[in-house]
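Colleague: Input: one structure, supplied below.
All of the numbers you see were taken from the coordinates with simple rules; none came from a lab. Just so you know, these numbers come straight off a predicted model, no measurement behind them. We place every Cβ from the backbone using ideal geometry, glycine too, and count neighbours over all the protein chains shown.
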Amino acid sequence: MRKTLLKTSLAVACSAMAATSIAESFVTIGTGGQTGVYYVVGQSVCRLVNRDTATTGIKCNNPSTGGSVDNLNAIAAGERQMGTVQSDSEFRAYRGLGEFEGKKIEKLRTMFSIYPEAFTVVARADTGVKTFDDLKGKRVNIGNPGSGTRTTMEALMKEKGWTTADFAVAAELKPAEMASALCDNNLDVIAYTVGNPSGAIKEAAASCASTLVTVSGPEVDKLLADNSYFAKVTIPGGTYDGSPNDTDTLGVMALLVTSSDVPDEAVYQVTKAVFDNFERFQKLHPAFENSTPEKMVTEGISAPLAEGSKKYFMEKGWIK
Ligand code: GLU
């Protein structure tokens, strides 16, 4: 009797293992710093995907990374399967422009766009900095290498005819280090291309007297006119302490992307996990509140849709 039971349970265990090992696959979603919103996207998507691991075999994880450019490079190298990226970074990566010159990622595919990101510039109140022009001569965090923030900052600097020599300090701190550097008076200004409200900016706004900086003027208008991936956005007054009025700035879209090397089935299942549970997804961060499936299948997308996402959207009738 005992022997039979043992045999049976072994057989069950073995067949379960075999079933899991055949279907099991890992999906790594590159995100950004832990005080940003990309990290919350990765966490939210993986949480939904991992609820279904028993049936899909897909295990999802969402490491903190350097941001958009880092995520795109990792997808190109096959080190990560998916990543959150700015729409302008996707545009240049797919076409081999700017920071991707000579490193065109033809296999780059879009899964969906998620929410707008604002180039969010914050200055210590005692600096008197009110607009982007006032940054000249100041101690500025220009963004860590590998971040999309850095490329947004560089695009604006180029338009202004500035180099890092135009700042008293051009720091390259990661998002998680920015707020304390600002509030310890080691920096005058920090910048972050991010969905709002973000943990990093909240921390700065709550820890010392600081205010959002307006990013507008002829150079910004030229960037908007020359590049379809940039849009004018407003950070509503009251989003952060110390900034009761609306702040105009430059914006992009945050996207989830992958590569055509990643199996369609994995991309389909990840897409399905998000949109089958869309209300739950939306509740996971205020930046996702205004996202709708209709906008997410079109807005800010400049590389082809991934086959797996396309299949899901067609089933839903969201695309033809
Ligand atoms: N857009 C930023 C970047 O690409 C990251 C924003 C975030 O982590 O939420 O570097």
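Colleague: Please report how far the C-alpha centroid of the range 203-267 lies from that of the range 59-130, rounded to the nearest whole angstrom.
Modeller: 13
Colleague: Rounded, prolate or oblate: which one fits the range 221-267, using the alpha carbon gyration tensor with axes a ≥ b ≥ c (rounded when a/c is under 1.5, else prolate when a/b beats b/c, else oblate)?
Modeller: Cα axes put the range 221-267 in the oblate bin.
Colleague: Which net charge results for the neighbourhood of Gly148, defined as the other residues with beta-carbon distances under 15 angstrom from its beta-carbon, given Lys and Arg at +1 and Asp and Glu at -1?
Modeller: So the surrounding residues net to -4.
Colleague: For the range 30-37, what does the Karplus curve 6.51 cos²θ - 1.76 cosθ + 1.60, with θ = phi - 60°, yield as ³J(HN,Hα) per residue in whole Hz, taken in order and with x for Gly and Pro?
Modeller: x, 10, x, x, 6, 9, x, 9
Colleague: OK, next. Under a Cβ-Cβ cut-off of 11 Å, what is the net charge of the residues other than Ala306 that fall near it, where Lys and Arg count +1 and Asp and Glu count -1?
Modeller: Taking every other residue near Ala306 into account, the sum is +1.
Colleague: Determine ³J(HN,Hα), in whole Hz, for all residues of the range 250-256 in sequence, where each value follows from phi through the Karplus function 6.51 cos²θ - 1.76 cosθ + 1.60 and θ = phi - 60°; x replaces Gly and Pro.
Modeller: So the Karplus estimates, Gly and Pro as x, are 9, x, 9, 9, 8, 10, 9 Hz.
Colleague: What is the set of long-range amide H partners of Ala171 at a cut-off below 5 Å, with H atoms built 1.01 Å from backbone N?
Modeller: Those lying under 5 Å, H to H, from Ala171 are Val140, Asn141, Ile142.
Colleague: Turning to a different aspect of this structure: Once both axes come from the Cα atoms, what is the angle between helix 307-316 and the longest principal axis of the chain, in degrees from 0 to 90, rounded to 10?
Modeller: Taking Cα atoms only, the helix is inclined about 80 degrees.
Colleague: In addition: Taking the chain as the reference, fit the longest principal axis to its C-alpha atoms, fit the long axis of helix 38-50 to the helix C-alpha atoms, and give the angle between the two in degrees, 0 to 90, nearest 10.
Modeller: Relative to the chain, helix 38-50 is tipped by roughly 10 degrees.
Colleague: Run lengths n ≥ 4 of DSSP H only: what is the helix-derived mean residue ellipticity at 222 nm for the chain, with -39500 (n - 2.57) per run over all residues, to the nearest 500?
Modeller: Counting only the DSSP helices, I get -12000 deg cm²/dmol.
Colleague: Search the structure for amide H atoms under 5 Å from the amide H of Thr247, placed 1.01 Å from N in the peptide plane, and list their residues when 5 or more places away or on another chain.
Modeller: Ile235, Gly237
Colleague: Using only alpha-carbon positions, what ratio does the radius of gyration of the chain give when scaled by 2.2 N^0.38 Å?
Modeller: So the chain has a normalised radius of gyration of 1.10.
Colleague: Would any residue of the range 236-267 have its amide N under 14 Å from a label point 7 Å out along Cα→Cβ of Phe26? List them or say none.
Modeller: It comes to no residues whatsoever.
Colleague: Taking amide hydrogens as modeled 1.01 Å from N in the peptide plane, which residues meet the under 5 Å criterion relative to Lys59, leaving out close sequence neighbours?
Modeller: Long-range HN contacts for Lys59: Ser25, Phe26, Val27.
Colleague: About the Cα centre, and with charges only on the beta carbon of Lys, Arg (+1) and Asp, Glu (-1), how big is the dipole of the chain? Nearest 20 debye, please.
Modeller: Value, rounded to 20: 1260 debye.
Colleague: Separate question: Provide the per-residue ³J(HN,Hα) series for the range 163-171, in order, calculated from phi with Karplus coefficients 6.51, -1.76, 1.60 and θ = phi - 60°, each as a whole number of Hz, with x at glycine and proline positions.
Modeller: Per-residue couplings from phi come out as 10, 4, 5, 7, 9, 5, 9, 10, 8 Hz.
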